[in-house]
Each structure stands twice: as structure tokens, then as C-alpha cells.
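Take a look at the structure below.
The values are calculated or read from the model by the stated rules, or taken from the named source; none is laboratory data. Bear in mind that the values here come from a model prediction, so they are computed numbers and not experimental data. Every residue, glycine among them, receives a Cβ derived from its backbone with ideal geometry; neighbour counts consider all protein chains shown. Keep in mind that these areas ignore ligands, DNA and RNA; they rest on the heavy atoms of the full protein, side chains included. Shrake-Rupley method; radii C 1.70, N 1.55, O 1.52, S 1.80 Å.
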Amino acid sequence: MRREADTAGPRVKICGVTRREDALVAEELGADFVGFILSSGFGRSVPEAEIPDLVRGLAPSRVAVLVDERPGRAVALAEGAEAAVVQLHGEEPPDVARAIREAGSWTVWKAVRARAVEDVARAVLDYGDWVDGLLIEGWKAGVTGGGGARLALDPERVRASIPAHLTFVLAGGLKPDSVGRAITRFRPDVVDVSSGVEGEPGRKDREKVRRFIAETRLHSGMRSS
């Protein structure tokens with residue numbers, strides 16, 4: 001299993017980007033990853049025809065966020081976005097994760113909406129051999145993702161449940177004024193934000209993005225090695 005190179009602290013993923021100008025702001029301000037929801041039917045979904053212009057020339061790693069796509073379709077969307085990471089955010093079984101992982105040179109993250117630490121441990125058992133990382137967020141009824149559900153579990157138990165070979169991506173309810181505490185408590189490898197840096201749905205706010213990244217860098221010593 002391949003893991004992204006470590007940095008001095010948590011890396012930042014700005015997700016749910018729908019506009020070229022927001023992608024460029026994320027790049028300018030130092031985001032490590034920019035995420036695009038490529039599956040249709042969600043509030044921040046990007047039409048397939050717009051993907052090439054949206055991702056053109058971006059320096060940050062592109063994350064293709066997919067929800068319950070068939071492997072062939074997932075691969076086509078990820079290739080169209082020149083994705084470095086494929087994030088599976090639905091109910092994809094391990095064999096689908098494996099097929100997508102083996103179809104390209106990208107990294108694969110599996111999202112987990114955790115109601116209990118046991119949900120994290122189960123995901124490690126089910127997916128740990130076939131993905132490179134787990135994105136952990138809180139559970140919220142009737143929400144696939146993007147519901148802003150904060151992870152309300154014991155930080156030490158969550159961290160202990162994730163083996164060293166898997167990247168730990170923390171998501172759910174993060175904002176500029178809460179990301180520092182979340183880093184201190186959970187010690188993630190990556191912090192993921194979408195609505196927490198928006199002025200209105202689907203439109204990123206430059207100052208919020210700047211503050212979020214600045215707060216993350218300020219707490220760069222709080223991630224586990």
C-alpha cells in the first residue's frame with residue numbers, strides 16, 4: 001500500500017469546489033488538495049463537461065469525489081479530472097474499492113460516517129488492504145456527505161483504530177475557528193473542509209479559506225508522526 005509523503009503537519013483539502021475561481025484561490029493560499037464532486041445529483045456536483053476547464057493546470061492534487069459509481073464509470077470520471085486521489089463517499093463495497101484502486105496510479109480514500117469507534121475499526125478490516133486512506137466524519141441521518149456532521153467520538157480511540165499505513169482524513173463540521181482544536185485532539189494527516197469555508201453554498205469565501213489554512217499550519221506540530 002502506498003501512502004502520500006508526510007509533511008510537517010496536517011495537509012489541507014478544500015472540497016466541494018464548483019468554480020474555477022475558487023480552485024485558484026485554494027491553490028494560491030496553499031491548499032494541498034482540491035476536491036470536486038463528480039457524481040451527479042448533489043448540491044456541489046460538477047457537470048462532466050465542465051471538469052477539464054475546472055481542473056486545468058491546478059498545482060494542488062485533484063480529488064475526484066465519487067458516490068456509488070460503477071468501477072468503469074468511476075475510472076472515467078477520475079481520469080477526466082486528472083485525479084491524484086479518488087474519494088469513495090458512498091456505500092462502495094471493498095471489491096469496488098479494489099477494482100478502482102488497481103485501475104490507475106491514483107490514491108484511494110474511503111469515507112466513513114462513524115457513529116461509534118467500532119465503525120472505524122470495521123472499515124479498517126473491510127477496506128484496509130484495498131485503500132490508502134480513510135476519511136472519517138460524523139454520522140447524520142439521511143446524509144451521504146457534506147452534511148457538516150462533526151466527529152463526536154473519543155479522539156484517542158479513533159486515532160488508535162487507524163493503522164500507520166492508512167492516511168487519516170478528518171472531515172465533518174470543520175471551520176477556521178474549530179480546525180485547530182480538532183487537529184490537537186485527533187492528530188489527522190489531512191483536514192477536509194467544504195461548507196465551513198463558504199460564504200454561500202457552493203461558493204468559497206477567500207478569507208475563510210485563508211484562515212482555515214493558516215490555523216492548520218499553526219497547529220502543524222499536533223499531528224502524529
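Summary of values
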{"item": "Listing of strands (runs of 3 or more DSSP E) fully contained in region 109-202 that carry 1 or more residues being over 14 Å from the mean Cα position of the chain (by Cα)", "result": "198-200"}
{"item": "Residue list for region 156-211, filter: hydroxyl-bearing (Ser, Thr, Tyr) and buried (at least 19 other Cβ atoms within 10 Å of the Cβ)", "result": "161, 167, 194, 195"}
{"item": "Scope region 77-103; condition small (Gly, Ala, Ser), open to solvent by less than 10 Å² (accessible area, probe 1.4 Å) and in a helix (DSSP H, G or I); matching residues", "result": "78, 97"}
{"item": "Close pairs (9 angstrom Cβ cut-off, 6 or more residues apart or separate chains): at positive phi in region 34-61, open to solvent by less than 80 Å² (accessible area, probe 1.4 Å) and modelled with pLDDT of 95 or more anywhere", "result": "41/67"}
{"item": "Where residue 96 falls short, out of the listed (1) closer than 21 Å to residue 172 by Cα; (2) β-branched (Val, Ile, Thr); (3) over 18 Å from the mean Cα position of the chain (by Cα)", "result": "(1)"}
{"item": "Which listed residue is open to solvent by 70 Å² or more (accessible area, probe 1.4 Å) and closer than 23 Å to residue 198 by Cα, from 139, 130", "result": "139"}
{"item": "Test set (1) in contact with a Gly (Cβ under 7 Å, 6 or more places away or on another chain); (2) modelled with pLDDT under 95 - residue 169 fails condition number", "result": "(2)"}
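So that you can scan it fast, the table gives a plain yes or no per residue for (1) at pLDDT 95 or above; (2) open to solvent by less than 30 Å² (accessible area, probe 1.4 Å):
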residue: 1; (1), (2): no, no
residue: 23; (1), (2): yes, yes
residue: 61; (1), (2): yes, no
residue: 75; (1), (2): yes, yes
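Table: residues versus (1) over 16 Å from residue 212 (Cβ atoms); (2) at pLDDT below 95; (3) open to solvent by less than 20 Å² (accessible area, probe 1.4 Å); (4) over 15 Å from the mean Cα position of the chain (by Cα).
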{"residue": "26", "(1), (2), (3), (4)": "no, no, yes, no"}
{"residue": "36", "(1), (2), (3), (4)": "yes, no, yes, no"}
{"residue": "42", "(1), (2), (3), (4)": "yes, yes, no, yes"}
{"residue": "51", "(1), (2), (3), (4)": "yes, no, yes, yes"}
{"residue": "57", "(1), (2), (3), (4)": "yes, no, no, yes"}
{"residue": "68", "(1), (2), (3), (4)": "yes, no, no, yes"}
